[in-house]
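J.: Structure below; questions to follow.
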Amino acid sequence: MRYEPEYIAAVYQQNLFRAALSITHNVSDAEDAVQNTYLQYVKSTQQFDSEDHLRAWLFRTVSNKAKDIVKAFWHRSRTSLEDWMNDIPFATAEDRCLAEAVLKLPRNYSSVIHLYYYEDYSVKEIASILSISESAVKHRLQKGREKLREQLEKETKEEPVHA
């Protein structure tokens with residue numbers, strides 16, 4: 001089964017962008033990874049058994065494209081995290097703080113945390129998407145949560161107290 005590219009863009013664009021951003025930590029690079037994913041889809045003739053199959057293919061592809069961009073020698077220009085975060089609407093200040101903290105994590109932790117918590121992928125699915133073992137995913141989730149907790153506790157201690 002093939003899906004229309006317009007449908008894929010409408011349904012998956014924001015999620016693919018966030019997944020790519022968790023790897024690249026750069027808005028322009030994340031946009032490039034998503035665009036390259038769409039191009040690969042349009043060029044391919046692959047048939048998909050279900051929408052879950054399509055979704056897994058899209059996230060695996062955008063992750064690989066984002067990694068390729070990060071590895072590229074010309075990967076130098078960066079948009080600040082603060083600039084990007086100002087353009088995204090968040091329901092609460094806590095949501096914004098948590099998203100910023102996740103994106104500040106090292107890439108190998110932020111990508112698995114994003115896929116697990118924001119995209120609801122299982123450990124097995126993340127292992128397949130990122131081409132790593134399930135034990136590596138579990139380890140990265142554990143270490144990522146520890147680093148996230150430390151980072152949030154540090155930021156909480158640094159906040160000025162208002163009387």
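J.: Pull up the range 140-163, narrow it to residues that are farther than 20 Å from HIS25 by Cβ and either assigned to a loop (DSSP other than H, G, I, E, B) or within 18 Å of the chain's Cα centre (by Cα) (or both), then point me to the one that is modelled with the lowest pLDDT.
T.: ALA163
J.: Here is a follow-up. Within the range 1-10, does at least one residue satisfy the condition of being within 15 Å of the chain's Cα centre (by Cα) and not hydroxyl-bearing (Ser, Thr, Tyr)?
T.: The initial filter retains those residues of the range 1-10 that are within 15 Å of the chain's Cα centre (by Cα), namely none.
No, there is no match, as no residue in the range 1-10 is within 15 Å of the chain's Cα centre (by Cα) and not hydroxyl-bearing (Ser, Thr, Tyr).
J.: Find the residue count for the range 1-21, including only residues that are open to solvent by 30 Å² or more (accessible area, probe 1.4 Å), in a helix (DSSP H, G or I) and not hydrophobic (A, V, I, L, M, F, W, C).
T.: Looking only at that region, the number is 7.
J.: Same structure again: For the range 41-117, give me every one of the helices (runs of 4 or more DSSP H) that falls completely inside it and has 2 or more residues that are at pLDDT 85 or above, in contact with an Asp or Glu (Cβ under 7 Å, 6 or more places away or on another chain) and under 16 Å from LEU16 (Cα atoms). Can you show your working first?
T.: On the way: elements: 51-71, 81-86, 93-104, 107-113.
Passing ranges, in order: 51-71.
The values are calculated or read from the model by the stated rules, or taken from the named source; none is laboratory data. As the structure is a computational prediction, the values presented were derived from the model and not from experiment. Glycine also receives a Cβ, built like all others from the backbone with ideal geometry; neighbour counts cover every protein chain displayed. Calculation scope for accessible area: heavy atoms of the full protein, side chains included, ligands and nucleic acids excluded. Shrake-Rupley method; radii C 1.70, N 1.55, O 1.52, S 1.80 Å.
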